[in-house]
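Peer 1: Here you go, one structure.
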Amino acid sequence: TRPPSLTLLGKEYPTDSTTNITDAIADKVGRNLYTDPAHPLGILHVLVSSHFHDFRSHVGLPPVVTPAQNFDDLGFPPDHPGRAPTDSYYLNRDAMLRTHTSAHEVETFARGERRWLLAADVYRRDEIDASHYPVFHQMEGARVFGADEAGRAEVEADNARLEHHLARSNIVIEDVPHISATNPRQEAHDPVMAELVAKNLKLSLNSLMLTLFGDRGGVNEGEPLRVRWIEAFFPFTTPSYEVEVFFRGKWLEILGCGVVQQRTLDRARVPDSISWAFGLGLERIAMILFSIPDIRLFWSQDPRFVSQFTAGQISTFKPYSKYPACYKDVSFWLPGSGLHDNDFCDLVRDTVGDLVQDVVLIDYFTHPKTNRRSKCYRINYCSMDRSLSNEEANAVHTQVIANLKDKFGVEIR
Ligand code: PHE
């Protein structure tokens, strides 16, 4: 039984059959971790904003958007999996928690801004492990040029400036063609201008990668920074790319970007223009730069975490003693309608909060005679701040099982 309405950030929303936001998630809304200049996410936010110092920087936009803003306006097809209630949080069928900062592209372009950045919390239903959390933070950035002679002169001048800067930097770039048969320009674009704008995007982001990952106090020990460009696909850009950086021995996926679909600029009523945009995940980069081993730590208010960071400084996190893990299994017969991994994970998170470190599906089978399906999950209970007794783990596990029966009608084996 669901309540007829729910209240979030002081606004009331009637609920319906798509409503799936949990209290654990609602609790995180409005925390705005990235606006604290001494929090690792805030330090990174400042670093990116100062790199793009002549871009207007937006923060604090409320996370509730319409599915039109999050998906339709950006050209997501009607059957895109991200729309499913198993993947996104809905307040009701007309209001959802944004799954990416791109949800604000149209309104920001519509204000006529030509260089902008936007940081925000975003929400995605997912499995539970050390690098996935249902709330994380992204930064979006975009730059608009006029599709005329003046715009062309502007992009050419900026490309020359950036090429000059990169030529004197310690960076090696593995590139892909700006435009290709598999990563085409848009019909509406002048071919030369499309190339120049794609090139400006690449130069701008290579320069950002140098700011974030370039030689900082011996981290790369004089080795050049290696950046790799890969063709990608997003419904709202073409050509599109992903950027990877080679850091401490591994290729790391850093961001997605591309030349903005004209549809977006048309909706924003910005005629005769061409733009690029990028979106990057702050946690992913902060975990690497600060050596933070578990994504839950970003939410910790433990002084042993919080006090380690200083505004304006990238430092290496020193883990305080790791508390022992406590594994508990739960096996059950699925209800006829099934049970999605993400529904299971949200139930665990909603019951025990951040005491859950990860959840793994360890067994899944169909009984050969009855055709009933069984799942077994292994839950790892581990607090980041204190040692969890076995009794306490048993107690929360019992609560998980009770809620599982209650909410999904499963039969425990
Ligand atoms: N919104 C995309 C994501 O979340 C990233 C992106 C932003 C890609 C802007 C292209 C342009 O994955």
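Peer 1: Does SER169 fit the bill of being within 16 Å of the ligand (Cβ to nearest atom) and hydroxyl-bearing (Ser, Thr, Tyr)?
Peer 2: Working: within 16 Å of the ligand (Cβ to nearest atom): no; hydroxyl-bearing (Ser, Thr, Tyr): yes.
Criteria not met by SER169.
Peer 1: Test LEU252 against the criterion of being among the aliphatic types (A, V, I, L, M) and either more than 16 Å from the ligand (Cβ to nearest atom) or modelled with pLDDT of 95 or more (or both), and give yes or no. Show your work before the answer.
Peer 2: On the way: among the aliphatic types (A, V, I, L, M): yes; either more than 16 Å from the ligand (Cβ to nearest atom) or modelled with pLDDT of 95 or more (or both): no.
When the stated conditions are applied, LEU252 does not pass them.
Peer 1: Shifting gears a bit: Which residue, of ASN70, ASN32, is within 16 Å of the chain's Cα centre (by Cα), within 15 Å of ALA119 (Cβ to Cβ) and polar (S, T, N, Q)? Explain how you work it out, then say what you get.
Peer 2: On the way: ASN70 fails: within 15 Å of ALA119 (Cβ to Cβ).
Among ASN70, ASN32, only ASN32 is within 16 Å of the chain's Cα centre (by Cα), within 15 Å of ALA119 (Cβ to Cβ) and polar (S, T, N, Q).
Peer 1: Give me the residue from the stretch 71-107 that is hydrophobic (A, V, I, L, M, F, W, C) and away from the ligand (no atom under 12 Å from the Cβ) and, out of that set, nearest to PHE234 (Cα to Cα). Quick ask: steps written out before the conclusion?
Peer 2: Residues of the stretch 71-107 hydrophobic (A, V, I, L, M, F, W, C): 71, 74, 76, 84, 91, 95-97, 103, 106.
Those still in the list that are away from the ligand (no atom under 12 Å from the Cβ) too: 84, 91, 95-97, 106.
Numbers: ALA84: 18, LEU91: 25, ALA95: 23, MET96: 20, LEU97: 20, VAL106: 16 Å.
Among them, the one singled out is VAL106.
Peer 1: Answer yes or no as to whether PRO191 is more than 14 Å from the ligand (Cβ to nearest atom) and surrounded by fewer than 19 Cβ atoms within 10 Å (Cβ to Cβ).
Peer 2: Numbers: more than 14 Å from the ligand (Cβ to nearest atom): yes; surrounded by fewer than 19 Cβ atoms within 10 Å (Cβ to Cβ): yes.
When the stated conditions are applied, PRO191 passes them.
Conditions (1) of a type outside the set (Ser, Thr, Tyr); (2) touching a Leu at 6+ places or on another chain (Cβ under 9 Å); (3) more than 30 Å from GLN313 (Cβ to Cβ); (4) in contact (Cβ under 8 Å) with a residue 24 or more places away in the chain, marked per residue:
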| site | (1), (2), (3), (4) |
| --- | --- |
| VAL172 | yes, yes, no, yes |
| SER207 | no, yes, no, yes |
| THR211 | no, yes, no, yes |
| GLY214 | yes, yes, no, yes |
| LEU225 | yes, yes, no, yes |
| VAL245 | yes, yes, no, yes |
| GLN261 | yes, yes, yes, yes |
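Peer 1: For the stretch 17-34, how many residues meet the condition of being in contact (Cβ under 8 Å) with a residue 40 or more places away in the chain and either aliphatic (A, V, I, L, M) or not in a loop (DSSP other than H, G, I, E, B) (or both)?
Peer 2: Selection size over the stretch 17-34: 7.
Peer 1: Of all residues being free of Cβ contacts under 8 Å to residues at least 60 places away in the same chain and surrounded by fewer than 20 Cβ atoms within 10 Å (Cβ to Cβ) in the stretch 115-156, which is nearest to the chain's Cα centre (by Cα)? Just the residue, please.
Peer 2: Looking only at the stretch 115-156, we keep the residues that are free of Cβ contacts under 8 Å to residues at least 60 places away in the same chain, and these are 122, 124, 149-150, 152-156.
Subset that is surrounded by fewer than 20 Cβ atoms within 10 Å (Cβ to Cβ): 124, 149-150, 152-154, 156.
On the way: ARG124: 8, GLU149: 37, ALA150: 35, ARG152: 33, ALA153: 35, GLU154: 31, GLU156: 32 Å.
The extreme case among them is ARG124.
Peer 1: Which pairs have Cβ atoms under 6 Å, sit 6 or more apart or on different chains, and link a residue in the stretch 227-241 that is hydroxyl-bearing (Ser, Thr, Tyr) to one that is more than 10 Å from the ligand (Cβ to nearest atom) and part of a strand (DSSP E or B)?
Peer 2: Qualifying pairs under 6 Å: TYR241/TRP229.
Peer 1: Moving on. Anything in the stretch 265-288 that is of a type in the set (Val, Ile, Thr), closer than 28 Å to ASN32 by Cα and crowded, with 23+ Cβ neighbours inside 10 Å? List them, or say none. Lay out the reasoning, then the answer.
Peer 2: Of the stretch 265-288, the ones of a type in the set (Val, Ile, Thr) are 270, 274, 285, 288.
Then drop every residue that is not closer than 28 Å to ASN32 by Cα, which leaves 285, 288.
ILE285 - this is the single residue of the stretch 265-288 that is of a type in the set (Val, Ile, Thr), closer than 28 Å to ASN32 by Cα and crowded, with 23+ Cβ neighbours inside 10 Å.
Peer 1: If I ask for residues that are among the aromatic types (Phe, Trp, Tyr) and either more than 13 Å from the ligand (Cβ to nearest atom) or under 17 Å from SER180 (Cα atoms) (or both), which ones from the stretch 221-249 would you list?
Peer 2: As a first pass, look at the stretch 221-249 and keep what is among the aromatic types (Phe, Trp, Tyr): 229, 233-234, 236, 241, 246-247.
TRP229, PHE233, PHE234, TYR241, PHE246, PHE247 - these are the residues of the stretch 221-249 that are among the aromatic types (Phe, Trp, Tyr) and either more than 13 Å from the ligand (Cβ to nearest atom) or under 17 Å from SER180 (Cα atoms) (or both).
Peer 1: With a cut-off of at least 3 residues that are within 16 Å of the ligand (Cβ to nearest atom) and closer than 15 Å to PRO40 by Cβ, name the helices (runs of 4 or more DSSP H) lying wholly within the stretch 263-360. First the steps, then the outcome.
Peer 2: Numbers: elements: 282-289, 303-306, 341-352.
The helices (runs of 4 or more DSSP H) meeting that bar are 282-289.
Peer 1: Any idea which of ALA286, ALA311, ALA325 is over 16 Å from ALA24 (Cα atoms) and in contact with a Gly (Cβ under 8 Å, 6 or more places away or on another chain)? Break it down into steps so the answer makes sense when it comes.
Peer 2: Details: ALA286 fails: in contact with a Gly (Cβ under 8 Å, 6 or more places away or on another chain); ALA325 fails: in contact with a Gly (Cβ under 8 Å, 6 or more places away or on another chain).
Within the list ALA286, ALA311, ALA325, the selection yields ALA311.
Peer 1: Moving to a separate point now. Of everything in the stretch 265-294 that's basic (Lys, Arg) and at negative phi, which residue is modelled with the highest pLDDT? Walk me through how you get there before you give the answer.
Peer 2: Pass one, the stretch 265-294, residues basic (Lys, Arg): 267, 269, 284.
So of that shortlist, the ones also at negative phi come out as 267, 284.
Working: ARG267: 97, ARG284: 93.
Selected residue: ARG267.
Peer 1: Which condition does ASP363 not pass, out of (1) out of contact with any Phe, Trp or Tyr (no Cβ under 6 Å at 6 or more places or on another chain); (2) part of a loop (DSSP other than H, G, I, E, B); (3) surrounded by fewer than 13 Cβ atoms within 10 Å (Cβ to Cβ), if it passes all the others?
Peer 2: (2)
Peer 1: Of the numbered conditions (1) farther than 21 Å from ALA402 by Cβ; (2) in contact (Cβ under 8 Å) with a residue 24 or more places away in the chain, PRO303 satisfies every one except a single condition; which is it?
Peer 2: The failed condition is (2).
Peer 1: Taking the criterion of being within 27 Å of ASP72 (Cα to Cα), out of contact with any helix residue (DSSP H, G or I) (no Cβ under 8 Å at 6 or more places or on another chain) and in a loop (DSSP other than H, G, I, E, B), would at least one residue in the stretch 224-241 satisfy it?
Peer 2: yes
Peer 1: Considering (1) of a type in the set (S, T, N, Q); (2) in a strand (DSSP E or B); (3) in contact with a His (Cβ under 9 Å, 6 or more places away or on another chain), say which one GLN69 fails and leave the rest.
Peer 2: Unmet for GLN69, out of (1) of a type in the set (S, T, N, Q); (2) in a strand (DSSP E or B); (3) in contact with a His (Cβ under 9 Å, 6 or more places away or on another chain): (2).
The values are calculated or read from the model by the stated rules, or taken from the named source; none is laboratory data. All values derive from a computational prediction rather than experimental measurement. All Cβ positions, glycine included, derive from the backbone under ideal geometry; neighbour counts span all protein chains shown.
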